[in-house]
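The values are calculated or read from the model by the stated rules, or taken from the named source; none is laboratory data. Worth saying up front: this structure is predicted, and the values here are computed from it rather than measured. Reconstructed Cβ throughout: ideal geometry from the backbone, glycine too, with neighbour counts over all protein chains shown.
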Amino acid sequence: MALRPSPDRHVKDDYPWWLVALVTIGIVLAAVIVANDIYAQVFRTVVNGVGVTVFVTLVAFVLATVLGLGICLLGMADSQVLRQIARFYIEIIRGIPILVLLFYVAFVGAPALVAAYNFLISPLVTSGMAEPILVRDLSLMWRAIIALTVGYSSFIAEIFRAGFQSVDLGQIEAAKALGLSRYRRFRSVVFPQAIRVIFPPLSNDFVSMVKDSSLVSVLGVADITQMGKVYAAGSFRFFETYSIVTYIYLILTIGLSLALRRTEKWMKSR
């Protein structure tokens, strides 16, 4: 007779020992920060960048989600021209590394955007009703946010497309037969079912953006990574500095992942 593994064995196998290990390391590191003046100084310096990292990530992700949804709807339009424009945008942006996109938006796109804005308001400038803006008026942080928004919008557009196309066409046709408008069909039939497919990969992109936000340090934006780079360059305390930088990112990403996973389970249970 075959032996079945006991339920206790499954419980032990499923137990998040990795999280226990991580929490243990965190407690040890916290104790070191309290007891060691060098680690304490590093932590006080690096933690000043957490607010910038969170702000850049949240704003860029919200904007990328809105833009990605717009690109997705454009790609599902009846017009072939609109669909081709959306596909062109997605393929071009997906082929550009985020780091390259950051430099391009910051030093090519931003000047072009400012020039276009000044051209559009030139009649108001001539009449004295408005003032032209300079490239330096658009901060590097906002240039970084624009770059992350553009870069992630193409991936999010594909996530939305896959989610919407996962809905059974028969249900959409039934809603149409009932006389529901296109907006009502989307709100009442398509979106509630598609969001269950959309949420997991969208959550992954959210966590990925937290990590990719570290790239904004190349523009001098004072995020976690930049604060660590500056401190390490001045003190040569590379081990201490980047150990703390690494752990702060782990706290952010793993904490966010656990929260999103719990939200996903809640959505499935409804």
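Any residue in the stretch 159-186 that is surrounded by fewer than 13 Cβ atoms within 10 Å (Cβ to Cβ) sitting within a Cβ distance under 7 Å of a residue that is at pLDDT 80 or above and of a type outside the set (Gly, Ala, Ser)? List the pairs, counting only those 6 or more apart or interchain.
Partner pairs satisfying both residue conditions: none exist.
Can you tell me which of VAL114, VAL125 is over 15 Å from GLY68 (Cβ atoms), of a type outside the set (Gly, Ala, Ser), in a helix (DSSP H, G or I) and in contact (Cβ under 8 Å) with a residue 24 or more places away in the chain?
Going through VAL114, VAL125 in turn, the sole match is VAL114.
Which of (1) in contact with a Lys or Arg (Cβ under 9 Å, 6 or more places away or on another chain); (2) modelled with pLDDT under 90; (3) hydrophobic (A, V, I, L, M, F, W, C) is the odd one out, the single condition ILE195 does not satisfy?
Result: ILE195 passes all but (1).
So which residues in the stretch 128-149 are surrounded by 13 or more Cβ atoms within 10 Å (Cβ to Cβ), without any contact (Cβ under 8 Å) to a residue 40 or more places away in the chain and either within 28 Å of the chain's Cα centre (by Cα) or within 25 Å of THR65 (Cβ to Cβ) (or both), if there are any at all?
Across the stretch 128-149, the qualifying residues are VAL135, LEU138, TRP142.
Filter the stretch 67-93 down to the residues that are assigned to a helix (DSSP H, G or I) and loosely packed, with under 13 Cβ neighbours inside 10 Å and list them by number.
Result: GLN80, VAL81, GLN84, PHE88, GLU91, ILE92.
Which one of these is surrounded by 19 or more Cβ atoms within 10 Å (Cβ to Cβ) and either modelled with pLDDT of 95 or more or more than 30 Å from THR246 (Cβ to Cβ) (or both): PHE55, PHE61?
PHE61
Hey, can you tell me all the residues within the stretch 152-190 that are modelled with pLDDT under 80 and either basic (Lys, Arg) or under 27 Å from LEU101 (Cβ atoms) (or both)?
Within the stretch 152-190, ARG182 is the sole residue that qualifies.
Out of all the residues in the stretch 171-188, which are polar (S, T, N, Q) and over 21 Å from ARG161 (Cβ atoms)?
SER181 - this is the single residue of the stretch 171-188 that is polar (S, T, N, Q) and over 21 Å from ARG161 (Cβ atoms).
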